[in-house]
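Contents: one structure, followed by commentary.
The values are calculated or read from the model by the stated rules, or taken from the named source; none is laboratory data. Worth saying up front: this structure is predicted, and the values here are computed from it rather than measured. Cβ coordinates were reconstructed from backbone atoms using ideal geometry, including for glycine residues, and neighbour counts include every protein chain displayed. For accessibility, only protein heavy atoms count, side chains too; no ligands or nucleic acids. Shrake-Rupley method; radii C 1.70, N 1.55, O 1.52, S 1.80 Å.
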Amino acid sequence: VETGLSQSVQLIGELMRVVPTLALGETVESTDKLEIHLRCLLFSRAILAGIGSGDSSGQNSAIDKENVIKVASNAAKRDAATIFRFSNSARWQTKTLGAQLASCCFSEILKSVGTKPTETRHLNISLANSWCEEQCRKSRDTDGSLPDSLLAFHLQELVSSSCMSSVASLDQSELFSVQESSLKYLSLVISGFSRIPDPDMPGSDVLQQYAQQIYSVVKHSLGSLKEVQTESSFRVFVSGGDTVSTIIKEKMATEPAVLKRLVRPIVPESDELAFIPWGEKIFEPPFSDGTYSSMIKRAKVAFTAEVLFGGVPEQEELLKLVIADLVKNVPAFGVESAILAMEGAKVLQEQGLSLLGTEDESCKDEEATFSWSEYNADSTTMEFVVRSWPSSARGGLTALSWAVLDETRAKTEKDECHKWMQVLGKLVLVGCEESIKLLSDKSRLYQQCAFGIDPEHVAVECLRSLGVLLQLDTSVELLDLSGIDSTAKLLQGNVVGPLLEKRGTAFSKPVVRELCHLYNNFSTQLANSGDKEGEESHKAMVLSFVLHPLALIQQGKLTGDRTSLVATVINASQDAAARIVKKGLVSDALVSSLVDFLATTVLQAQDSFSQSLHASAKVLLLECMNNPCVSSTERQRVALLMAQAGAWDCWGLLYVDSSAPEDRESLGVLKQALTKATGQETHLAQLSAVSKVVVGASMELLALVILGVGTEILGLMHFYGTLASTTAQNYDAIKRQLCFAESVKVVIGFYQQLLQQEFLSEFLATVFETMLAVLRFNGLPNHPSKEETGDAALGRLVAQTVVHVARTSPEAFKRCMGAMSEQDRALLEFAVRGEMTGYAQSTQGQAPAKKKLNLKSFK
């Protein structure tokens, strides 16, 4: 570009000699793509910063991190040197190309490092430092070459170049083309580094040190339309709004005051919004007044809908605080957002395109909301309106749903909101079906969509919009039940089935995540639905959709490639099923089938994938067991299965419910497990389960538990209290305290149930015998034992237990103390006295305190 503008004949040859890595073939065939993209990125940075020099002064032969960074920077400067031979300062066309090249390279780097940027050395500065030091050490030891630089080392250069070019100007005139490309470049930098921890400031992200610089640039871009309203300035405003969206979605700004300052320029003023009843014609096409004023309002509505109204679910509560201050008329905003969504859909349909921008003449809505003869927008405006329809629909539905749930709103206003929501409901159902069909069709996967519409973005927003509607009590009236059923079947057949059965269709994580939320939303809708006629088939379809992942497991169709994404879908299905069962919306036969399936299949498998399903499976199982149709015999059977599977938390709850004195089988499994288990986590789970059984147990059940596992419980108390084996001495100290405390909790449970029994003193004598051994081994606070592994915290816990016994059953305590040996009685009395009066500092082995000289006495 620079060569051509200088009327040089060396255009192609010179550029290829300066930047050989721009050749696409070399990039594709190379095994060092990241290094090539980084060099191109630094080359673009040199152009934007106006730095081009082949000088290598200051560079030395040392193999260290500083030299690694210098070599990479100097290489980029040498690449850019030829550009600056034609002009001391690169022309704006060249800078625009440089910013576009930087965006392209940075985007490719983000794709290469995957979805976990904090775990890659290319972005994580701490990992980059460790890797570079190791590689430099190896190179020094083997006389090797200098390692390649990493992207993380050049963060300051990337931020400064993108920010500087985002406010580029020439002779007091804004260079909008450069600013637009540079803002996209800046958004990618934010996406890549926003969640990377700062090694020099624990608890802070690395981009926080550049936050004010970035916010200042964004503010400048959002003010681009104040002085001049042109297509170029509007594109800069849109790029600035996209950057704000990135900042919020990446959680770079999390303080309400900062968020308010950021989003205030993209939130429409109250006088710009109007609550328009459905059916009225909208006579405000773009440029109807010859200016961009109406389009500016559209852009503000679109960005507010995208960012504030449901676009960032993780920060919903925080964003609600911002909305409360900046958006005073939520229903009016919901209507304006709905109008914008329908406007985008109408632009597509009027041109014979589907909601994804693909050719489709079959569906055209006849209900126009504005006069098409006056809709003479430029290409930038049309592209913006079209691409923002999915987020505008979701934002409009969110705002309208809040208005419907607001008890202070008038009924007439709520009725109008319902009408708008019905129209948007039809729109998002169509968008959902079209996007899922396109994404699941391999032959159309790479089909180009008009206006740069992203089918994945449409799918995510439509699924999220559908979730907003399903959570309302009036969802059955707002949505066409046949449309919901059709969408559910499509998701079940095109997304859930292929994902779990590995049939070749792969959806991205965002789409699958929204699908998982939809399980919850469908269960909510099913719980809110009544017993109206004609809804039986819909309820059956929803129930089939929710339970479909479990049906695939039962049929043995689950894929062998069991990824975390598959586990996420199954867990969401089980959570939704638990809510449906809790509401009593399933038949007794289905409850019995679920109990048998969960107890004999899901919870019996012990591989790592199956264990990731156990938490939600246990919740579902317990909800099923609470159903009256489950008999006592079935509870005992399931309790035994849970004991055999090691699901001790479930066993504890089920064993209490069965509470039959003849149920000794599962207790026998526990007895064997307490004897054989060696892990702290296992012991902790077992002790916690026994503790739940003991609390409030009948005397028959308590006697069964004490006779069955009482000896093993005291054995574990002694095991963890005295570290009775070499294996125990290697245990984690914190987990040791937890296991010992849980065993004491079980013993106290035994004691509390036996308070009125005549043999209480004999029981205490057995318990105190174990506690005395623990006291001798661990000592007390300020009175440590001679054992290196002694823990005074355990000794104090014993003392607290003895004090509790002495206060609640003094007679039994006295009888027990009277039967002890003199040494044992003295030790327990010392522990009780210390706990009641405070542990005095031991003076044994301490030098006498020196007397202080009082100079006042010499006056």
R0 of 60 Å, Cβ-Cβ distance Lys671-Glu413: FRET efficiency to nearest 0.05:
0.35
Over the range 152-232, average the accessible area per residue using a 1.4 Å probe and give it in Å², no decimals.
46
Share of carbon and sulfur in the accessible heavy-atom surface of the range 401-494 [1.4 Å probe, %]:
51
Above-threshold pairs, the threshold being 28 Å between Cα atoms, out of Lys437/Lys539; Lys184/Lys414; Lys33/Lys95; Lys95/Lys226; Lys249/Lys618:
Lys184/Lys414; Lys249/Lys618
Please work out the C-alpha center-to-center distance from the range 297-354 to the range 199-256 and express it in whole Å.
19
So how do 431-438, 223-230, 415-422, 698-705 stack up, highest first, on mean other-Cβ count within 10 Å?
431-438, 415-422, 698-705, 223-230
Order of 200-209, 388-397, 709-718 by packing, highest average Cβ count within 10 Å first?
388-397, 709-718, 200-209
Measure off 7 Å from each Cα along the Cα-to-Cβ vector at Ser592 and Gln229, then give the distance between these two points in nanometres to one decimal.
7.2
Pseudo-spin-label distance Asp732 to Gln554, built 7 Å along Cα→Cβ, given in nm, is 3.8
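Pairs to check: Lys745/Lys786; Lys509/Lys583; Lys251/Lys320; Lys251/Lys297. Give those whose C-alpha atoms are more than 20 Å from each other in this structure. It would help to have the intermediate numbers written out before the result.
On the way: Lys745/Lys786 27 Å; Lys509/Lys583 30 Å; Lys251/Lys320 15 Å; Lys251/Lys297 26 Å.
Flagged as over cut-off: Lys745/Lys786; Lys509/Lys583; Lys251/Lys297.
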Inter-site label distance for Asp406 and Glu269 at 7 Å from Cα along Cβ, in nm:
2.1
Residues whose placed amide H lies under 5 Å from that of Leu353, excluding near-sequence neighbours:
Asp360
Near the amide H of Leu780, under 5 Å away, which other amide H atoms are found, from residues 5 or more places off or on another chain, if H is placed in the peptide plane?
Ser785
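Assuming 0.36 nm per residue, please report the length gained on full extension of the stretch Arg807 to Ala81 beyond their Cα-Cα distance. Please report the intermediate quantities before stating the final value.
Details: separation 726, 0.36 × 726 = 261.36 nm, distance 8.72 nm.
This chain segment gains 252.6 nm when fully extended.
Given just the C-alpha atoms of the range 522-640, how large is their convex hull per residue in cubic angstrom?
102
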Difference of contour (0.36 nm per residue) and Cα-Cα distance, Ser632 to Lys138
171.1 nm
Set of the range 458-485 residues, backbone N closer than 12 Å to the point 7 Å along the Cα-Cβ line of Lys539:
none
Hits in the range 788-812: amide N under 19 Å from the 7 Å Cα→Cβ extension of Ala765, namely 802, 805-806, 809-812
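Express the carbon and sulfur contribution to the solvent-accessible surface of the range 174-255 as a percent, rounded to the nearest whole number, probe 1.4 angstrom. Intermediate results must be reported in sequence, preceding the final value.
Working: 1530 of 3320 Å².
Of all accessible area on the range 174-255, carbon and sulfur atoms account for 46 percent.
Subtract the Cα-Cα distance of Leu170 and Ala741 from 0.36 nm times their separation in residues, and report this length gain in nm to one decimal. Intermediate values should be presented prior to the final figure.
Numbers: separation 571, 0.36 × 571 = 205.56 nm, distance 7.25 nm.
Length difference between fully extended and current span is 198.3 nm.
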Would you please put 327-337, 508-518, 808-818 in order of how densely packed they are, using the mean number of other Cβ atoms within 10 angstrom per residue and starting with the highest?
327-337, 508-518, 808-818
Calculate one ³J(HN,Hα) per residue across the range 423-435 by plugging θ = phi - 60° into the Karplus curve 6.51 cos²θ - 1.76 cosθ + 1.60, and present them in order as whole Hz with x for glycine and proline.
5, 5, x, 4, 5, 6, 5, 5, x, 5, 5, 5, 5
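How high is the FRET efficiency between Ile748 and Asp148 when r is their beta carbon distance and R₀ equals 60 Å, given to the nearest 0.05?
Computed FRET efficiency for Ile748 and Asp148: 0.45.
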